[in-house]
1. Looking at segment A:107-118 only, could you name the residues that are of a type in the set (A, V, I, L, M), in a helix (DSSP H, G or I), more than 8 Å from every other protein chain (Cβ to nearest Cβ) and without any contact (Cβ under 8 Å) to a residue 12 or more places away in the chain?
2. How many residues, within segment A:233-256, are within 10 Å of chain B (Cβ to nearest Cβ), within 23 Å of A:Leu70 (Cα to Cα) and part of a helix (DSSP H, G or I)?
3. For residues in segment A:195-232 being open to solvent by 70 Å² or more (accessible area, probe 1.4 Å) and in a helix (DSSP H, G or I), which is nearest to A:Ile81 (Cα to Cα)?
4. What are the pairs, 6+ residues apart or on separate chains, where a residue within segment A:225-243 that is under 15 Å from A:Tyr178 (Cβ atoms) has its Cβ under 6 Å from a residue that is β-branched (Val, Ile, Thr) and open to solvent by less than 10 Å² (accessible area, probe 1.4 Å)?
5. Can you tell me which of (1) more than 25 Å from A:Leu131 (Cα to Cα); (2) open to solvent by 40 Å² or more (accessible area, probe 1.4 Å); (3) in a helix (DSSP H, G or I) is the one B:Leu210 doesn't meet?
6. Filter segment A:262-276 for residues that are under 21 Å from the mean Cα position of the chain (by Cα) and over 13 Å from B:Ala120 (Cβ atoms); which is most open to solvent (accessible area, probe 1.4 Å)?
7. What are the pairs with Cβ atoms under 7 angstrom where one residue, in segment B:215-231, is touching a residue at least 24 places away in the same chain (Cβ under 8 Å) and the other, located anywhere, is aromatic (Phe, Trp, Tyr) and not in a helix (DSSP H, G or I)? Sequence gap at least six, or different chains.
8. Identify, please: which residue in segment A:101-118 is open to solvent by 20 Å² or more (accessible area, probe 1.4 Å) and of a type in the set (Val, Ile, Thr) and is, among those, nearest to the chain's Cα centre (by Cα)?
Amino acid sequence: MAQASTTPKSQNPPIELPRWLEPLALLGPAGVWLGLLLVIPTLLIFELSLVPGIRPGEVVNPSSLENYALIFQPIYLQVMIRSLIFAIGTTIICLILGFPVAYWIALIVPKRWRNLVLVGFVLPLWTSSLLRSYAWITILRPTGVLNSLLASFGLPPLDILNRPPAVFIGMSYSLLPYMVLILYASLEKLDQRLLEAAADLGANPQQVFWKVTVPQTLPGIAAGSLLVFITGLGDFVDPELLGGASSMTAARLIYNQFLGATQNWGFGSALSMLMILAVSIAIALLIKYGDRSATGV
Amino acid sequence: MPPPRPSSKLPLSWQALFSLVMFGFMYLPILVLAFYSFNQSPYSAGWKGFTLDWYRKFFSDTRILSALRDSLAVAIFAVAIAAVIGTLMAVGLARYHFPGRGIYRGISYLPLIIPDIAIAVSTLVFLAAVAIPLSGGLIQLNLWTIVAAHVVFCLSYVALVVSTRLTNLNPHLEEAALDLGATPVQAFIQVLLPELTPAIISGCLLAFVLSMDDFLIASFTAGGGTNTLPMEIFSRIRTGVKPDINALSVILILASGFLFFSAEYIRYRSEQKRLG
C-alpha cells in the first residue's frame, strides 16, 4: 500500500518538499476540475430531479418522486421504449455486421496488413458525426442516391428517410467501428490452436465456430454489445436528423426539457438520472461478465 | 501461422467479400459528400458537371468561418488544459495508492461512458446554479463555459491514453534519475515527460477531434454569441439540405484524416522506438 515507485532519497535535494505536495500537485488539478464540473453537477441534477417545478428556484413541493412518476405516462414511456428498441436493434445489427469483419481482420488478413486494414475500417469514425448523418440524408432522401440507384435497376423507390429504418441505418453506421474494434481485440487473442484442434478432431467449420470461436470471444461480444448499446441509448444526432418527428428518443426528450419549448428542468433531470442509471447497470454487467481488457479501446 | 481452417476455403472468401461490402458501407457517405461537393447540381443524384463553387461559397461564408474559429478556440484551449491536468492525473494515479483511489479513477473515466446529453444537462444545471451569465454580458465567458465542459471529457481521453503508455514504461528510469541527484521535478520533466510525449500528443489529437465534433455539450453550455461549428452545421441541416455543407464536409474530413494519421504515425513511431 506504500508509495509505489518513489525512492528513498539518497542525497539531499536542494529543497526538501513536503511529501504530500507531490500527490496533491499531480492529482489535485484534475480532481478539482472533475469535482466541480462532473461530480457536483451530477449531484445537482439528482437534487433537481426530486423537485417538481419548472426551473431551479421555482420550487413547488420539494423532494418528491413526481418527476420519476411522469416518465411512466404512456406518452413518455413510448419514447423510452423507442430509445431502447433503437439501441437494442442497433446492437444486434452491429454484432451481425461487425463479427465477420472483425473475424476477417483478426484471423484471415495477413499479420502485417492487419493494423492498416483495421485503421482503414475505423477511419470514418474520425469524421464529424453530424456530417455523416447529413450524408445519409443525401443518400436516403426521396430523390437521393439510393432511389436513383433503385430507379436505374427499374426498382420502386424506397421512402426511408424520417422513418425508423433510417435511424437504424444511421446508428448502425456510427457505431459499427466501435463494435469491430472491440471484437477485433477479442478475436486477436483467440488461441488458433484450439480451432485447429477442433477441426482435426472432426468438427466441421460451423461446429468450430459455434463451439470454440464464439464461447472464446463471448467476453468481447459482451463488451462490444454493451458499448454499442450504451452509446446508442444516448444517441441524439442520428434519431434527430434521420428519424423525423415521430422518432423522438430519450436524448431529444431531455434536450427539449432544457433547451426546447417545453421547459421542465426537474423532469429533464429525472430523465437524465434514469439514463445514467441505465448506463451504470450496463457497466456493472460489463465488469461482471465482460472482457475488461477489451474496453480500453 | 497457417490459416485457421485449412479444410474449408469457402468461408474465407465469404468473409473477405462481406468485409469488402462493409468497407464500402463505411466509405459510402464520405464518397457521396465528396461527389456532391464538386457536382454543379447538388440536388440531383446525377453528374451535372464539375464545379468549385461550393468551396468558394464556403470560404466566403462568414458565419461558418466564425463558427469554425469558435470551435478551434474551444478545442485548442480545452485540449491544452486537459493535456496538462490529464497527464498529471495519469501519473498520479499510477504512482500513488491512497484510500479512495478506485473512486477517483472511476470518476475520471466516467465521461467516456456517460452519454453526452447527461454531461450536457448536469453542466448546464451547475452553471445555472453558480449563476454564470450564460446569455448577454461577457461573450468571452460563453466560450469559456464550453471550454470548461470540454476539459472534462478531453482529460479522460488524455489520461486513458497516457495511462496505457505508463503501464508499459520502465519505472527504473525515473528512479535512476532521482538516485543521480535529480529533483522530482527535474526527473519528471527530463525523464518521464519525453517518454510520455507520444501518448500525450496522441491523446490530445483524439480529444481535439472529439471536441471539434461535440454538438450537445456545446449547445447546452454556450450562451448567446457563441456558435461552434457543430451547432452551426446542425441548425443548417435542420433547415433543409444545404449544398455548401458538402464542401465543408470534405475539408473537415480531410483535416480529420490528416490528424488521425498523424496520431497513428506518432503512436507507431513510439512503439517502434520502444521495441528497438
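The values are calculated or read from the model by the stated rules, or taken from the named source; none is laboratory data. Because the structure is a prediction, the values reported are computed rather than measured. Methodologically, a virtual Cβ is constructed for each residue, glycine included, from the backbone with ideal geometry; neighbour enumeration extends over all protein chains shown. Quick note on the areas: whole protein, heavy atoms, side chains included, nothing else; ligands and nucleic acids left out. Shrake-Rupley method; radii C 1.70, N 1.55, O 1.52, S 1.80 Å.
1. A:Leu116
2. Going through segment A:233-256 one residue at a time, the tally reaches 8.
3. The selected residue is A:Leu218.
4. Qualifying pairs under 6 Å: A:Ile230/A:Val279; A:Gly232/A:Thr90; A:Gly234/B:Ile117; A:Asp238/A:Val167.
5. That leaves (1) as the condition not met.
6. Result: A:Leu274.
7. Correct list of pairs: B:Leu216/A:Phe236; B:Pro230/B:Phe215; B:Met231/B:Phe215.
8. If we take residues in segment A:101-118 being open to solvent by 20 Å² or more (accessible area, probe 1.4 Å) and of a type in the set (Val, Ile, Thr), then A:Val117 is nearest to the chain's Cα centre (by Cα).
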